[in-house]
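I have placed the structure first, in the form of structure tokens, so that the comments after it can refer back to it.
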Amino acid sequence: MGKFQFEKCDDIEGLYLIQPGVFGDTRGYFMETYNYNDFKAAGLDMVFVQDNQSCSTKGVLRGLHFQKEHTQGKLVRVISGQVFDVVVDIRKNSKTFGKWFGVILSAEKKNMFYVPEGFAHGFYVLSETAEFLYKCTDFYDPSSEAGIPWNDESIGIDWPIPEGTVPILAEKDTKYPAFSKEIALDF
């Protein structure tokens, strides 16, 4: 197996599912999680400036977040547990503006997801706990923070939330305005 397998998402331009090569033996395994040259050869020529990590319990839903200024591309993965990772295209000039895409990321699969600038992002924790890592192409800027309601009906995300279950949200995630063209980013 090579170091990485890159799969472009057919549904929305710019999204990539990435499977790293995992080299294991009786001691365990080794894998690269990022290599600038390999990513550049696949058409992903970005520079990451910040790494983030979060830990969440089952039923936590984080998102859908983005920055109006200092937009961030993100390379995301899970190192413990499993999440349903979701993005919404908010690029004003995109033919898929307002469309969403979701993928299960897990420590077991070791899969990754690249989300370029111009997307709102969030995830729902499926396992008892999940540790989530993401590399960002720009720094976090609290003055630029924005979001979309996770359950905005105009987007219609099919979250894998059991019927009758209410996700655990941060207070800020309950106050975002409904999705509209006004939130679109110039891309």
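Observations, loosely collected:
- Kirkwood Rh and Cα Rg combined as Rg over Rh, evaluated for region 51-125: 0.97
- Per-residue Karplus couplings for region 3-18, computed as 6.51 cos²θ - 1.76 cosθ + 1.60 with θ equal to phi - 60°, are listed in order as 5, 9, 10, 10, 10, 6, 6, 5, 6, 9, 5, x, 8, 9, 8, 10 Hz, Gly and Pro entered as x.
- Estimated 222 nm signal from helices in the chain, with DSSP H stretches of n ≥ 4 weighted -39500 (n - 2.57), rounded to 500: -500 deg cm²/dmol
- Dipole moment magnitude, nearest 20 debye, region 14-91 about Cα centre, only Lys, Arg, Asp, Glu C-beta charged: 260
- Given a 1.4 Å probe and the protein chains as shown, residue 123 ends up with an accessible area of around 10 Å².
- For region 148-161, the Karplus equation 6.51 cos²θ - 1.76 cosθ + 1.60, evaluated at θ = phi - 60°, returns couplings of 10, x, 4, 10, 4, 5, 6, 8, x, 5, 8, 5, x, 9 Hz by residue, with Gly and Pro reported as x.
- Under 23 Å from residue 3, Cα to Cα: lysines that are on another chain or at least 8 residues apart: 40, 74, 109, 110, 135
- In region 1-51, the ratio of gyration radius to Kirkwood radius, Rg to Rh, stands at 1.04 when only Cα atoms are counted.
- Dipole of the chain, positive end: most advanced residue of 54, 114, 41 [Cβ charges, Cα centre]: 41
- Kirkwood-Stokes translational diffusion coefficient of region 64-187, alpha-carbon pairs, 37 °C, 0.692 mPa s, µm²/s: 219
- For residue 181, the aspartates and glutamates whose Cα comes closer than 15 Å to its Cα, not counting residues fewer than 8 places off in the same chain, are 89, 152, 153.
The values are calculated or read from the model by the stated rules, or taken from the named source; none is laboratory data. Predicted model only: the values in this text are computed from it and were never measured. In this analysis, Cβ positions are derived from the backbone assuming ideal geometry, glycine residues included, and neighbour counts consider all displayed protein chains. These accessible areas exclude ligands, DNA and RNA; they are computed on the full protein's heavy atoms, side chains included. Shrake-Rupley method; radii C 1.70, N 1.55, O 1.52, S 1.80 Å.
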